[in-house]
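Undergrad: Structure incoming, see below.
Each value in this text was obtained by applying a stated rule to the coordinates, not by laboratory testing. Computed from a predicted model, the values in this text were never measured in an experiment. Note that each Cβ is placed from the backbone with ideal geometry, even for glycine, and that neighbours are counted across all protein chains shown.
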Amino acid sequence: MKINKSKAMLIAAVILSSFLVVAPTFLPQSMTRHLPQFIQDKQISLGLDLRGGAYILLEADLDGVIRERISGLRDTVRKELRGDQNKDIKPMAYSNLAANDGVVSVSLRTREDVGELRRRIMGSLGDEVIVESDGLTLRVFYPEQAIAKLRNDIMNLSVDIVRRRVDSLGNKEPSIARQGDNRIMVQVPGADDPERVKELVGATAKMFFYLVDEEAMMTGRPGIDNLVIDGVIVKRAGYISGENLTDSTTNFDNRTGQPVVTTAFNSLGARQFAKMTTENVGRRFAIVLDGKVLSAPVINEPITGGRGQISGGFDVKAANDLSTMLRSGALPAELTVVEERTVGAGLGADSIRAGEIASIMAMAIVVLFMILFYGTLGAFAGVVLCLNVLLIFAGLAITGATLTLPGIAGIALNIGMAVDACILIFERIREERRAGQPTIRSIENGFNNAFSAIIDSNLTTLAVAFIMLSFGNGPVKGFAITLIIGITTSLFSNITVLRFIMETWARNGKPKEIRI
């Protein structure tokens, strides 16, 4: 039985690398500050239940978006009835134009009008909608598949926007995921201002630029062509939507020194903004965000460069939050906070201590059991178990996976599973000795015969762990991550490291008997 030098170098390199990777997590900074920066950055990320932070469950108002779409469909039908899209088309006489239960209906005077309106709507909307007629009544509605796709697209877009907003806070390893059909779960470990997180992810951030109706403001009587927003009377038509914004940053006004938000439009938005400001020099326009007027400045000169400046008496934090919301985009649906929790760091520290005690006790009991039942081989198993725990922590640090309280439970389970592999090997060695095989041959055959059983049992568990990781949420994923990493490291520890230790012991010590 020869010692493979390359195997020895591989094991030494893995152990040394693991110590270096986990050092920044467990040792004080004064002892690790001389390590390379990329190693100092490889700290184990703690989950919300261990580190503390904010937990928010949001619910999207999908029905509200559907109602807006139906309202827009009704406006489209009205335009086709009036012939707004083409001045050469004569308007139709109609009555009872309404939108109820997702269906837009209208009553016409003749069947020819019904057929003509159908052609106009199909020419405008194509196969996006279904058009049905019953006598002189025409009904227009979206198919069920389109509504289902719209709801799914809204949720996916909302998750992406919430993720971009949370990432802007600089928190490491936030968790944002869909729950059910219309909810989004947000976990931000280490968040020191949960209220700010809630405000940032929950704000719809729909921005509009409206012209202020100065005459209506003087009389205080808005007309049918006006909207009253936050006490300001604006013109309903001719507004610019913030959806054409492409960038938003926080700056400081050169004159006042106050924080302001600088915005940039795409080509379409720039043309619209230039047209509005060119035609309305000397008039005011209101900057409206989520139904609140941020400011209503006077247009001193045409703004043709596609860039604007928003001032509203912001402090730096408010300006940063506004620029983040505008940069990440407006939420397609209003999000309502249905559940929120703040986990204190003290509770997380208690959980860590409880997990440490449980893991140490499990390790001590298992190692004691192995030594009592298998003697020297049991001591070897104890060394391998300690190495396996080290490799699990190194794997968490390298992959950037988040360690949670269920993850600690996964580590404890991995200790038991790693022992199971050792027991299989030792029992195979015992069988070889009972069959009369010499010591070295018994060790070699024991590992070879146990190999297939170890691989089979670990692969089946690994498959279950990947299923939990793919379909589970929160605690289930935390448990699955440590289980996957632990199975991988235990295979290396038991098959490679334990065998190397026993081969070295057999070659150097030349034992005539293995006491099991």
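Undergrad: What FRET efficiency comes out for the pair Gln309/Leu372, r = Cβ-Cβ distance, R0 = 60 Å, nearest 0.05?
TA: The formula returns an efficiency of 0.20 here.
Undergrad: Can you give the log10 of the normalised intensity I(q)/I(0) at q = 0.20, 0.22 Å⁻¹, computed with Debye over equal Cα scatterers of the range 130-255?
TA: Log-scaled intensity ratios, in q order: -1.11, -1.17.
Undergrad: Oh, and also: At 222 nm, what helix-only mean residue ellipticity would the chain give, in deg cm²/dmol to the nearest 500, using -39500 (n - 2.57) for each DSSP H run of four or more?
TA: -18000 deg cm²/dmol
Undergrad: Any chance you could list P(r) for the range 193-248, counting all Cα-Cα pairs in 10 angstrom bins from zero, rounded to whole %?
TA: 21, 35, 27, 16, 2
Undergrad: A further question follows. Rounded to the nearest 0.05, what FRET efficiency is calculated for Phe500 and Leu27 with R0 set to 30 Å and r the Cβ-Cβ distance?
TA: Calculated value: 0.65.
Undergrad: Evaluate the relative contact order of the range 1-95 (contact order divided by residue number), counting alpha-carbon pairs under 8 angstrom at least 6 apart; express in whole percent.
TA: 14 percent
Undergrad: Oh, and also: Would you work out which of Ser18, His34, Ser45 lies farthest towards the positive end of the dipole of the range 16-66, given +1 charges on the beta-carbon of Lys and Arg and -1 on that of Asp and Glu, about the Cα centre?
TA: Looking along the dipole axis, the top candidate is His34.
Undergrad: Hey, another quick one. Can you give the extra length, in nm with one decimal, that the chain gains between Ile224 and Gln179 once fully stretched, where that is 0.36 nm per residue apart less the Cα-Cα distance?
TA: 12.0 nm
Undergrad: A follow-up question, please. Around Leu35, which amide H atoms from residues at least 5 apart in sequence, or from another chain, sit under 5 Å from its own amide H, with H modelled in the peptide plane?
TA: Excluding prolines and chain starts, which carry no amide H, there are no hits.
Undergrad: Exactly which trypsin sites (Lys or Arg not before Pro) in the range 36-91 are in a DSSP loop and have at most 12 other Cβ atoms within 10 Å?
TA: Sites meeting the loop and neighbour criteria: Lys87.
Undergrad: Which value, in Å³ per residue, describes the convex hull spanned by the Cα atoms of the chain?
TA: Taking the convex hull of the Cα positions in the chain, it is 224 Å³ per residue.
Undergrad: In the neighborhood of Ile299, defined by Cβ-to-Cβ distances under 15 Å, what is the net charge if each Lys or Arg adds +1 and each Asp or Glu adds -1?
TA: Once positives and negatives cancel, what remains is +1.
Undergrad: Let me ask another. Which pairs break 23 Å Cα to Cα here: Lys149/Lys198; Lys206/Lys235; Lys42/Lys477?
TA: Too far apart for the 23 Å limit: Lys149/Lys198.
Undergrad: I've got another one for you. Helix hunt in the chain: which complete DSSP H runs extend at least 15 Å axially by C-alpha with mean Kyte-Doolittle at least 1.0?
TA: Membrane-span-like by this criterion, though nothing is claimed about a membrane: 5-26, 345-374, 376-399, 475-491.
Undergrad: For the chain, give me the percentage of DSSP beta bridges that are antiparallel, rounded to the nearest 5 percent.
TA: 95 percent
Undergrad: Rounded to two decimals, what is the ratio between the C-alpha radius of gyration of the range 1-83 and 2.2 N^0.38 Å?
TA: With N residues counted in the range 1-83, Rg over 2.2 N^0.38 Å equals 2.53.
Undergrad: If you don't mind, there's one more thing I want to ask. Note down the nm distance, to one decimal, between modelled labels 7 Å out along Cα→Cβ at Phe19 and at Arg255.
TA: 6.6 nm
Undergrad: Which whole-Hz couplings ³J(HN,Hα) result when phi for each residue of the range 208-216 is put into the Karplus expression 6.51 cos²θ - 1.76 cosθ + 1.60, θ = phi - 60°, listed in order with x for Gly and Pro?
TA: Values per residue, Gly and Pro as x: 9, 10, 10, 7, 7, 8, 5, 5, 5 Hz.
Undergrad: Once both labels are modelled 7 Å past Cα along the beta-carbon direction, what's the Asp101-Ile455 spacing in nm?
TA: 6.3 nm
Undergrad: Let me have the relative contact order for the chain, percent, based on Cα pairs under 8 Å that are six or more residues apart.
TA: 18 percent
Undergrad: If you don't mind, another one. Hey, got a sec? Which trypsin sites (Lys or Arg not before Pro) in the range 257-311 land in a DSSP loop and have at most 14 other Cβ atoms within 10 Å?
TA: Arg283
Undergrad: Follow-up. Would you mind estimating how fast the range 419-473 diffuses translationally, via Stokes-Einstein at 25 °C and 0.890 mPa s with the Kirkwood radius over Cα pairs, in µm²/s?
TA: Using the Kirkwood radius from Cα pairs, D works out to 196 µm²/s.
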